[in-house]
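Q: Next up is a structure, given as structure tokens.
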Amino acid sequence: MVETVTLNLYDVSKKILDLTPSITTIWLQEIVRSMEIPVTIPRDFAEKRTVLLARYLVEDVDHDMQTWALDMGEWLRSQEFPFSSILRTYQLYRNVFWRVLQPELQRWSLSSQEMHYLESQLGKAMDESVFWAVYHFEQMMNKELVQKEETISYLHNDKLTMLGKIAANMAHELRNPLCAIEGFLKLIGESTQEQAQLQTYIQVVMHEFENLHRQLTGFLSFSKKPILDEIFKTVQVEELLEEVEMLITPRLVGENIRFEKQIHPCLLACYEEGLKQVVVNLLNNAIDAVQNRTDKYIHVISTSSDGWLYLSVENNGERIPPEIVENLFQPFFTTKQNGTGIGLSICKNIIEKHQGTIHCDSNEKRTRFIVSLPIANAQEVGPRMEAL
């Protein structure tokens with residue numbers, strides 16, 4: 001017999017509370033039956049959700065619902081369940097809840113308006129619980145990501161600090177004997193001006209000396225100290241690049257590489273040796289990149305615009321995959337069999353000491369390393385040097 005009643009939310013709330021054990025049991029069974037990944041929810045957590053829905057009809061339970069969602073979310077996160085599985089459990093709950101409750105409600109003669117109101121209120125409560133569960137789960141995930149990023153940043157900075165200390169100590173230990181070697185080489189050169197063969201040998205030694213000096217410059221870029229105490233000065237970009245070209249010309253000629261450059265005249269305030277080190281490193285990497293090409297090609301372009309110098313070193317080597325591009329400038333990351341993984345990280349540190357940026361752009365046709373540097377005029381060199 002159908003009972004004729006007027007909607008009484010307290011009666012409905014009590015009915016839901018009476019049905020809580022049944023709803024919980026069926027819900028947990030559905031989770032076991034329907035989920036590909038086994039999710040076992042503690043019964044006290046599961047029952048509390050139905051209790052909160054019942055209370056929602058007759059009292060303010062927003063705070064309790066948030067607390068439950070937080071506790072539930074922390075537990076689910078501790079079990080490392082996928083987010084999709086967590087949402088699936090809520091979907092199953094909604095289906096089970098109405099499957100159990102609707103036959104009971106049909107025993108009452110509720111009007112369509114009353115049934116719609118009841119479904120609307122309970123649906124709103126379910127949506128609120130899902131919202132708070134997702135919200136707290138998202139907050140926990142973001143917190144974990146921030147902690148991981150902080151840990152990675154700490155380890156990265158600690159590695160650079162250690163490398164900086166090693167670089168500074170190495171520069172200190174090697175600089176004095178190198179200065180003595182340079183001095184005596186100059187004395188020998190001056191006293192043997194008439195011996196052409198000996199002068200040739202001295203020039204070779206001086207060239208290698210400058211290369212060693214440049215390597216020290218690169219290592220010291222990891223230190224907070226100025227690059228080998230070099231003076232921050234204004235240089236002609238085209239002259240600097242011409243000097244670098246002379247250094248790498250033997251490799252270009254020996255490996256039959258077509259080299260082109262398009263240089264826009266520009267004055268740049270910089271650590272000259274440090275910037276040379278960057279360009280030499282990029283060009284040597286470009287030469288390595290085109291080894292497997294029949295037509296080997298390297299193109300250097302220098303332009304200036306809006307107070308910035310843009311230097312591009314381009315080659316037609318194989319495409320660098322995006323996942324490798326992301327890590328190219330990380331210390332000790334390398335794809336070369338005998339690489340050290342510090343060349344590009346040295347470049348990055350030197351460029352950042354100039355308040356500039358460096359990035360890589362690679363596709364099937366070409367790979368480019370683009371350096372952006374702020375241009376300073378002669379009046380600005382002094383203040384910038386003090387800032388560095």
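Q: Check off (1) touching a residue at least 24 places away in the same chain (Cβ under 8 Å); (2) hydroxyl-bearing (Ser, Thr, Tyr); (3) surrounded by 14 or more Cβ atoms within 10 Å (Cβ to Cβ); (4) farther than 19 Å from Glu128 by Cα for Thr50 and give me the number that stays unchecked.
A: Every listed condition holds for Thr50 apart from (4).
Q: Is there a residue in the range 89-106 that is part of a loop (DSSP other than H, G, I, E, B), open to solvent by less than 20 Å² (accessible area, probe 1.4 Å) and at pLDDT 85 or above? I'd like the intermediate steps shown before the answer.
A: Residues of the range 89-106 part of a loop (DSSP other than H, G, I, E, B): 106.
Then drop every residue that is not open to solvent by less than 20 Å² (accessible area, probe 1.4 Å), which leaves none.
No, every residue in the range 89-106 fails to be part of a loop (DSSP other than H, G, I, E, B), open to solvent by less than 20 Å² (accessible area, probe 1.4 Å) and at pLDDT 85 or above.
Okay, residues lined up against (1) assigned to a helix (DSSP H, G or I); (2) at pLDDT 80 or above; (3) loosely packed, with under 12 Cβ neighbours inside 10 Å; (4) touching a Ser or Thr at 6+ places or on another chain (Cβ under 7 Å):
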{"site": "Gln113", "(1), (2), (3), (4)": "yes, yes, yes, no"}
{"site": "Glu119", "(1), (2), (3), (4)": "yes, yes, no, no"}
{"site": "Val134", "(1), (2), (3), (4)": "yes, no, no, no"}
{"site": "Asn142", "(1), (2), (3), (4)": "yes, yes, yes, no"}
{"site": "Glu149", "(1), (2), (3), (4)": "yes, yes, yes, no"}
{"site": "Leu155", "(1), (2), (3), (4)": "yes, no, yes, no"}
{"site": "Gly164", "(1), (2), (3), (4)": "yes, no, no, yes"}
{"site": "Glu173", "(1), (2), (3), (4)": "yes, no, yes, no"}
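Q: Could you list, in sequence order, the residues of the range 305-338 that are modelled with pLDDT of 90 or more and of a type in the set (Ser, Thr, Tyr)?
A: Answer for the range 305-338, where residues must be modelled with pLDDT of 90 or more and of a type in the set (Ser, Thr, Tyr): Tyr310, Ser312.
Residues are listed down the side, and each one gets a yes or a no for (1) at pLDDT 90 or above; (2) among the acidic types (Asp, Glu); (3) open to solvent by 20 Å² or more (accessible area, probe 1.4 Å):
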{"position": "Thr340", "(1), (2), (3)": "no, no, yes"}
{"position": "Gly343", "(1), (2), (3)": "no, no, yes"}
{"position": "Asn349", "(1), (2), (3)": "no, no, yes"}
{"position": "Thr367", "(1), (2), (3)": "yes, no, no"}
{"position": "Ile370", "(1), (2), (3)": "yes, no, yes"}
{"position": "Ala376", "(1), (2), (3)": "no, no, no"}
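Q: In the range 30-75, which residues are of a type in the set (D, E, K, R), part of a loop (DSSP other than H, G, I, E, B) and farther than 12 Å from Ala125 by Cβ?
A: Glu36
Q: Please go through the range 245-269 and pick out each residue that is more than 34 Å from the chain's Cα centre (by Cα), modelled with pLDDT of 90 or more and open to solvent by 90 Å² or more (accessible area, probe 1.4 Å).
A: Matches in the range 245-269: Asn256, Arg258.
Q: Now a separate question. Just for the range 305-323: of the residues that are acidic (Asp, Glu) and under 20 Å from Glu255 (Cα atoms), which one is surrounded by the fewest Cβ atoms within 10 Å (Cβ to Cβ)? I'd like the intermediate steps shown before the answer.
A: So the first thing to find is which residues in the range 305-323 are acidic (Asp, Glu), and the list is 306, 314, 318, 323.
Within this subset, residues satisfying the condition of being under 20 Å from Glu255 (Cα atoms) are 314, 318.
Numbers: Glu314: 20, Glu318: 14.
Within the range 305-323, the match that is surrounded by the fewest Cβ atoms within 10 Å (Cβ to Cβ) is Glu318.
Q: Separate question: Which residue is modelled with the lowest pLDDT, if the candidates are limited to the range 180-204 and must be loosely packed, with under 11 Cβ neighbours inside 10 Å and of a type in the set (A, V, I, L, M, F, W, C)?
A: Among them, the one singled out is Ala180.
Q: Return yes when Ser85 is out of contact with any helix residue (DSSP H, G or I) (no Cβ under 8 Å at 6 or more places or on another chain) and open to solvent by less than 40 Å² (accessible area, probe 1.4 Å) and no when it is not.
A: For Ser85, the condition - out of contact with any helix residue (DSSP H, G or I) (no Cβ under 8 Å at 6 or more places or on another chain) and open to solvent by less than 40 Å² (accessible area, probe 1.4 Å) - is met.
Q: Residue under question is Thr67, and the condition is that it be more than 22 Å from Phe131 (Cβ to Cβ), surrounded by fewer than 18 Cβ atoms within 10 Å (Cβ to Cβ) and hydroxyl-bearing (Ser, Thr, Tyr); does it hold?
A: no
Q: If I filter the range 287-304 down to residues being β-branched (Val, Ile, Thr) and either open to solvent by less than 30 Å² (accessible area, probe 1.4 Å) or more than 29 Å from the chain's Cα centre (by Cα) (or both), which single residue comes out as nearest to Ile358 (Cα to Cα)? Give the derivation first.
A: Residues of the range 287-304 that are β-branched (Val, Ile, Thr), as a first pass: 287, 290, 294, 298, 300-301, 303.
Filter once more, so that each one left must be either open to solvent by less than 30 Å² (accessible area, probe 1.4 Å) or more than 29 Å from the chain's Cα centre (by Cα) (or both): 287, 290, 294, 298, 300.
Working: Ile287: 19, Val290: 21, Thr294: 28, Ile298: 18, Val300: 15 Å.
Among those residues, the one meeting the criterion is Val300.
Q: With respect to Val278, determine if the residue is within 26 Å of the chain's Cα centre (by Cα), under 20 Å from Val244 (Cβ atoms) and aliphatic (A, V, I, L, M).
A: For Val278, the condition - within 26 Å of the chain's Cα centre (by Cα), under 20 Å from Val244 (Cβ atoms) and aliphatic (A, V, I, L, M) - is met.
Q: Let me ask another. Does Ile23 satisfy the condition of being at pLDDT below 90 and aliphatic (A, V, I, L, M)?
A: no
Q: Hey, another quick one. Limited to the range 309-347, what total is found for residues that are outside any loop (DSSP other than H, G, I, E, B), in contact with a helix residue (DSSP H, G or I) (Cβ under 9 Å, 6 or more places away or on another chain) and among the charged types (D, E, K, R)?
A: Going residue by residue through the range 309-347, those that are outside any loop (DSSP other than H, G, I, E, B) are 309-315, 322-325, 343-347.
When the remaining residues are screened for being in contact with a helix residue (DSSP H, G or I) (Cβ under 9 Å, 6 or more places away or on another chain), the result is 309, 311, 313-315, 343-347.
In the following step, the residues that additionally are among the charged types (D, E, K, R) were identified as 314.
Adding up the residues that qualify gives 1.
The values are calculated or read from the model by the stated rules, or taken from the named source; none is laboratory data. Nothing here was measured: the structure is a model prediction, and the numbers come from that model. Please note: Cβ atoms are built from the backbone with ideal geometry, for glycine as well, and neighbour counts cover all protein chains shown. Side chains included, ligands, DNA and RNA excluded: accessible areas come from the protein's heavy atoms. Shrake-Rupley method; radii C 1.70, N 1.55, O 1.52, S 1.80 Å.
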